Amino acid sequence: MLFLMCDFLRCVCTYGGTGEDYNIKFDIEEISYHGIGGNLLTVAISTCDYSMDYDIPGQKNLTVFVVYDIEGFVALGYVNNGTLHYSKDGLMITYLSLELAEPVRKCKQYTTNVIYKCKKEKSYSVNYPLIEKCIFEVTIGLPSICQSCPNCSTTHRTLCNENSGWCTCDSYTKGLNCDQLNANIASVLTPTISGGDVTMSGDFSNIYDVRSSITISIGTSICNSIIFSSNKSQIKCTIGAGKGNQQIKLSDGNGATLIYDEFYYRVPCSVDCSPFGKCNDRVGICICNDVAIGTDCKTLNLQLDSVISTLVTGGQVYLNGDFSKVKDQSLTIKIGNQQCSNVKFNDNNFKVLECTIGAGEGIKDIIISSGLLSFSKANSFEYQYYKCPLDCSTPNGTCDDKTGICACNNEHFGNACEFIKCPLGCSTPNGTCDINTGICTCNNEHFGDGCEFIQCPLDCSTPNGICDGNTGNCTCDSEHFGNGCEFIQCPLDCSTPNGTCDGNTGICACNNEHFGDGCEYIKCPLDCSTPNGTCDGNTGICTCDNEHIGNGCEIRFIECKDKCSTKHGICDNDNGNCKCDTQTKGLTCEESRLLIESSDSINSKGGTINIIGYFGNPTSLLTIKIGESQCKNIKVFNETTLKCDIGEGKGIHNITIIDDDLSFTAINKFQYLDEKTKISKISRGSIAGIVVGCVVAVSLIGSIAFYYYHHKNKKVNLFISSQNIKLK
């Protein structure tokens, strides 16, 4: 079934693809479900400059609906998934068929073609499936479109297409009559009104071979020095001075032309429009963005209608107008030479700006700025002057209109100078003033017209002292003291704070550290343990005899005759002898007591060994060397036994122990056991048991002897040695 109608929504001509050869634009609509059943293919054909002589004369669009009965033939797929192809024979539409279940889906995944052909008589028809029920041919007869090549250029025409009735052009030309150069100008870089280079960009590949015959005119002027780029995408030429919009025309001299209507001479702007505008080089005027105005786009786009000023002391200023275009800008405001602080909008409509300004006077300019943008309005702000209350009760005072504060004369006070001053202000808080009369009422401690005199306490206990009415203080005689001279002076004032004075009797009560009538002497500690020392009462310091020390000479002290080692001994002041640590001995503790008696032997692979001797209480600096090898993982079991790990080796070696500044080397006390020195397991075990037993016994005896001699006799002169016990 076939329907014809005009699509009123598509009466706008556009060009696309090679369809420019026919000045026809084909628009394909989506397949949709039709109420009577079936699938609907819509083909909309726009014919541009040629009217379609169908049902509604003058319309330039024709819509063809092709409906296929679901039961009869095929279900066409969505055209959105397909492609369009323009050829000399018309329009070919290729798209996939619908994914419908059998038996409806006849074409499966084959493509479906709808072929358009032009006929010279007024007609339309649909040829049903030609191949496997999947290809359709739509034939439309439009006499007003289908021609017989009457106007084809004789130079560039190759033949007349009988299907379309239009010309078939050579490779250099295109169009209905083969009178258009087969090229495309996409854009043009134009010169200024002074003239210069013109650069055209586009596709010039089809006319590249005839470039020598091409001439270019711009308006009525000829563009000279024509150069085609090697990639065939640009043409350059040079034009003289000009102005306004002009037409570019390329011609091959044989009737074929290419027209471009978007050329114009650029008019440079006289100012820099950036960054808030761009130069419209068609007219040489800046086009500003929303936040800026002005010939150079440097003025903030705002409107200032009125200003609510502040007083000369400064304060809040309100600017009324329209600031909506600059609401997102960071604004600063200057009034005269002062920067306004706390700038913000006062309302949600951006009609009021407010800020805080400092003190000033007179009429000022307002400048609003944001970065490079600014707005100024001259003489738009005026500081307001103050009025004084009651006009300062003239003639009691004068008004300062810059502050609104009265300057009262000497006899008056108050915000409006309305009150009378009392003499000396009644020496507040000595009295209270009646501001209406200017007369003082003094309190009990003061007197005088201005309550300026102070009553002395107890009238200074006359005749013990004299009263000073200006200060209210007594000047007591040498034998009395107190605010009212009511107390008796103690000797030396008890050398305060050494004692306290009983003012009623004049006698001192000294504290525990002092004595004397005036508590002037200092007690010495322990009374210097008399007769061990003597006390200096002025300083409270004891001078001890030669055999005692201490603040109270209570400590017996005898210096050592010999200077004890600073690292290993201290002086015993009870007897004058040096007391040595566990690792040294001698008068000054300078002799080392370190000793190596014996050590375990071990096989050549190394391992853990015991070292027997005397080592006292070793420090963290203790190291052990077996020959030239360092013994690791040293462990101290007691004063006589050390244990460490030794690596591989062989032969007999010295053992050296070093602890800070002390050391001891035992010659040939360590041996690696090789194959020649091995003995049977039984013999080796027996000997080892004997040796270990001897070492333990000798070490134990040595340790007991050392302990007894050191702790009971407080000397270390002996050590029972087991040096002669060796492992063989």
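The values are calculated or read from the model by the stated rules, or taken from the named source; none is laboratory data. Small disclaimer: the values here were computed from a predicted structure and weren't measured. Quick reminder, even Gly has a Cβ in these numbers, built from the backbone with ideal geometry, and neighbours come from all protein chains shown. Ligands, DNA and RNA are stripped out before the accessible areas are found, and what is left, the full protein with its side chains, is counted by its heavy atoms. Shrake-Rupley method; radii C 1.70, N 1.55, O 1.52, S 1.80 Å.
Please find, among 459, 493, the residue that is within 30 Å of residue 540 (Cα to Cα) and touching a residue at least 24 places away in the same chain (Cβ under 8 Å).
Only one candidate qualifies: 493.
Being more than 30 Å from residue 305 (Cα to Cα) and aliphatic (A, V, I, L, M) is the filter here, so list the residues in segment 378-410 that pass it.
Within segment 378-410, 390, 405, 407 meet the criteria.
When you check residue 209 against the structure, is it under 23 Å from residue 281 (Cβ atoms) and among the acidic types (Asp, Glu), yes or no?
Considered against the rule, which asks whether it is under 23 Å from residue 281 (Cβ atoms) and among the acidic types (Asp, Glu), residue 209 comes out as no.
Yes/no matrix, rows are residues, columns are (1) over 52 Å from the mean Cα position of the chain (by Cα); (2) of a type in the set (A, V, I, L, M, F, W, C):
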site: 205; (1), (2): yes, no
site: 225; (1), (2): yes, no
site: 234; (1), (2): no, no
site: 239; (1), (2): yes, yes
site: 242; (1), (2): yes, no
site: 247; (1), (2): yes, no
site: 259; (1), (2): yes, yes
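Is it true that some residue in segment 362-371 is out of contact with any strand residue (DSSP E or B) (no Cβ under 6 Å at 6 or more places or on another chain), closer than 23 Å to residue 276 by Cα and in contact (Cβ under 8 Å) with a residue 12 or more places away in the chain?
yes
Go through segment 556-610 residue by residue and tally those that are more than 60 Å from the chain's Cα centre (by Cα) and assigned to a loop (DSSP other than H, G, I, E, B).
So the answer is 29.
Are any residues in segment 550-576 at pLDDT 85 or above and farther than 25 Å from residue 618 by Cβ, and if so, which ones?
550, 551, 552, 553
Residue 379 versus (1) at positive phi; (2) in a loop (DSSP other than H, G, I, E, B): which is the lone unmet condition?
(2)
Within segment 341-358, which residues are open to solvent by 30 Å² or more (accessible area, probe 1.4 Å), in a strand (DSSP E or B) and either of a type in the set (Phe, Trp, Tyr) or on the phi < 0 side of the Ramachandran plot (or both)?
341, 343, 344, 345, 356
Can you name the number of the only condition in (1) buried (at least 17 other Cβ atoms within 10 Å of the Cβ); (2) over 30 Å from residue 283 (Cβ atoms) that residue 218 fails?
Evaluating residue 218 over (1) buried (at least 17 other Cβ atoms within 10 Å of the Cβ); (2) over 30 Å from residue 283 (Cβ atoms) leaves (2) as the failure.
At least 3 residues that are open to solvent by less than 50 Å² (accessible area, probe 1.4 Å) in each: list the strands (runs of 3 or more DSSP E) lying fully within segment 297-340 that qualify.
By residue number, 315-322.
Quick test for you: out of 402, 387, pick the one residue that is modelled with pLDDT under 90, touching a Phe, Trp or Tyr at 6+ places or on another chain (Cβ under 7 Å) and open to solvent by 60 Å² or more (accessible area, probe 1.4 Å).
Testing whether each residue is modelled with pLDDT under 90, touching a Phe, Trp or Tyr at 6+ places or on another chain (Cβ under 7 Å) and open to solvent by 60 Å² or more (accessible area, probe 1.4 Å) leaves just 402.
What number of residues in segment 250-296 are part of a loop (DSSP other than H, G, I, E, B), of a type outside the set (D, E, K, R) and either without any contact (Cβ under 8 Å) to a residue 12 or more places away in the chain or open to solvent by less than 70 Å² (accessible area, probe 1.4 Å) (or both)?
14
Within segment 613-633, which residues are open to solvent by less than 60 Å² (accessible area, probe 1.4 Å) and either assigned to a loop (DSSP other than H, G, I, E, B) or over 12 Å from residue 670 (Cβ atoms) (or both)?
Result: 613, 614, 615, 616, 618, 622, 623, 627, 631.
Which is open to solvent by 50 Å² or more (accessible area, probe 1.4 Å), among the β-branched types (Val, Ile, Thr) and under 30 Å from residue 493 (Cα atoms), of 566, 543?
Result: 543 is the single residue among 566, 543 that is open to solvent by 50 Å² or more (accessible area, probe 1.4 Å), among the β-branched types (Val, Ile, Thr) and under 30 Å from residue 493 (Cα atoms).
Out of all the residues in segment 572-591, which are touching a residue at least 40 places away in the same chain (Cβ under 8 Å) and buried (at least 18 other Cβ atoms within 10 Å of the Cβ)?
Answer for segment 572-591, where residues must be touching a residue at least 40 places away in the same chain (Cβ under 8 Å) and buried (at least 18 other Cβ atoms within 10 Å of the Cβ): 580, 583, 584, 585.
Tally the residues that are modelled with pLDDT of 90 or more, among the charged types (D, E, K, R) and open to solvent by 70 Å² or more (accessible area, probe 1.4 Å), restricting the search to segment 636-691.
2
Which members of segment 512-521 meet the condition of being open to solvent by 50 Å² or more (accessible area, probe 1.4 Å) and either touching a Ser or Thr at 6+ places or on another chain (Cβ under 8 Å) or within 13 Å of residue 493 (Cβ to Cβ) (or both)?
Matches in segment 512-521: 517, 520.
What tally of residues in segment 175-201 results from selecting those that are among the β-branched types (Val, Ile, Thr) and either open to solvent by 40 Å² or more (accessible area, probe 1.4 Å) or at positive phi (or both)?
1
Looking at (1) crowded, with 17+ Cβ neighbours inside 10 Å; (2) touching a helix residue (DSSP H, G or I) at 6+ places or on another chain (Cβ under 8 Å); (3) closer than 30 Å to residue 549 by Cβ, can you tell me which one residue 508 breaks?
Looking at each condition in turn, residue 508 falls short on (3).
Name the residue, out of 450, 484, 465, that is without any contact (Cβ under 8 Å) to a residue 24 or more places away in the chain and open to solvent by less than 30 Å² (accessible area, probe 1.4 Å).
Every option except 465 fails the conditions.
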